[in-house]
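The values are calculated or read from the model by the stated rules, or taken from the named source; none is laboratory data. Owing to the predicted nature of the structure, the values given are computational and were not obtained by experimental measurement. Every residue, glycine as well, gets a Cβ built from its backbone with ideal geometry; the counts of neighbours run over all protein chains shown.
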Amino acid sequence: MWAYRGATIPLNVFDFTVSRHRDGPELFFADYKGILVGDCWSGFEAIAVASKDAIIRAACNAHARRKVRESSDTYPADAAKVLGWYHELYDIEERGKEMSIDERFALRQSEAKPIWNALESWIEEAKLRTSQVILPKSDFGKAVQYIRNHFDELQRYVHDGRIPIDNNETEQLMKQVAIGRKNWLFTSRAVSLGESVRQAS
């Protein structure tokens, strides 16, 4: 099940496909021009590349933050620093939630952009360490590499007040599907039993 949500228009779309292949999103975005916010699944990148710049990708920061949080045991001091920056970034978004698009853009430029600059500098410095080296194959090393590989897409929202910092609202749509799946599990059986009772009477 694929879920799509409009960031600037009130629109939720659910699309069922028989596989996780990119065929479903590829068809859905065939004529689309604009910003696509999602996780860093390779299928989204392929769709953006095939669109010949009609689709611009923005990455979900909730995914990046989660990877850091889940791997924080191995390098707690470094993880705390990165998570601290993310805490500040999300605080900024909370303050900008009720602002106009232009006001939110100005807020991000003045307050979020310097944090991203600091994060970028830290990532570059971490590569050159001679002590407390972050092993690239460690879980935290992979989390940092994830941020490094998708840095432009992760901070794209800073340059456009319309783009959300993450796609959590779309993820919530998928939770509705999961809850519904449990609630609807015995629906067809209940209907059949009801019909049997009516036939018997």
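Sort out for me the helices (runs of 4 or more DSSP H) sitting completely within region 1-96 that have 1 or more residues that are at pLDDT 95 or above and in contact with a Ser or Thr (Cβ under 7 Å, 6 or more places away or on another chain). Can you show your working first?
On the way: elements: 23-28, 42-50, 61-70, 76-96.
Passing ranges, in order: 76-96.
Could you say whether any residue in region 168-187 is modelled with pLDDT under 95, surrounded by 15 or more Cβ atoms within 10 Å (Cβ to Cβ), over 16 Å from the mean Cα position of the chain (by Cα) and of a type in the set (A, V, I, L, M, F, W, C)?
No, because not a single residue in region 168-187 is modelled with pLDDT under 95, surrounded by 15 or more Cβ atoms within 10 Å (Cβ to Cβ), over 16 Å from the mean Cα position of the chain (by Cα) and of a type in the set (A, V, I, L, M, F, W, C).
Which condition number in (1) in contact with a Pro (Cβ under 8 Å, 6 or more places away or on another chain); (2) surrounded by fewer than 16 Cβ atoms within 10 Å (Cβ to Cβ) is the one that residue 46 fails?
(1)
Residue pairs, Cβ under 7 Å, 6 or more apart or interchain, first in region 121-135 and in a helix (DSSP H, G or I), second β-branched (Val, Ile, Thr). List them.
Correct list of pairs: 123/144; 123/147; 126/134; 126/144.
Of the residues that make up region 83-103, is at least one farther than 20 Å from residue 163 by Cα and of a type in the set (S, T, N, Q)?
No.
Answer with yes or no whether residue 6 is farther than 23 Å from residue 160 by Cβ, among the small types (Gly, Ala, Ser) and in contact with a strand residue (DSSP E or B) (Cβ under 8 Å, 6 or more places away or on another chain).
No: the conditions fail for residue 6.
Conditions tested, residue by residue: (1) touching a residue at least 40 places away in the same chain (Cβ under 8 Å); (2) touching a Leu at 6+ places or on another chain (Cβ under 6 Å); (3) small (Gly, Ala, Ser).
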site	(1), (2), (3)
3	yes, yes, yes
11	no, no, no
17	no, no, no
25	no, no, no
28	no, no, no
33	no, no, no
66	no, no, no
75	yes, no, no
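Every residue in region 7-66 that is more than 24 Å from residue 143 (Cβ to Cβ) and of a type in the set (Asp, Glu), please.
Across region 7-66, the qualifying residues are 15, 23, 26, 31, 53.
Here are some residues: 144, 158. Which one is under 28 Å from residue 102 (Cβ atoms), at pLDDT 95 or above, buried (at least 18 other Cβ atoms within 10 Å of the Cβ) and aliphatic (A, V, I, L, M)?
Only one candidate qualifies: 158.
Determine whether residue 113 is part of a helix (DSSP H, G or I), in contact with a helix residue (DSSP H, G or I) (Cβ under 6 Å, 6 or more places away or on another chain) and of a type in the set (D, E, K, R). Show your work before the answer.
On the way: part of a helix (DSSP H, G or I): yes; in contact with a helix residue (DSSP H, G or I) (Cβ under 6 Å, 6 or more places away or on another chain): yes; of a type in the set (D, E, K, R): yes.
Judged against the criteria, residue 113 is a match.
Scan region 9-24 residue by residue and report those that are out of contact with any strand residue (DSSP E or B) (no Cβ under 6 Å at 6 or more places or on another chain) and surrounded by 13 or more Cβ atoms within 10 Å (Cβ to Cβ).
17, 22
Scan (1) under 28 Å from residue 144 (Cα atoms); (2) buried (at least 17 other Cβ atoms within 10 Å of the Cβ) for the single condition residue 56 breaks and write down its number.
(2)
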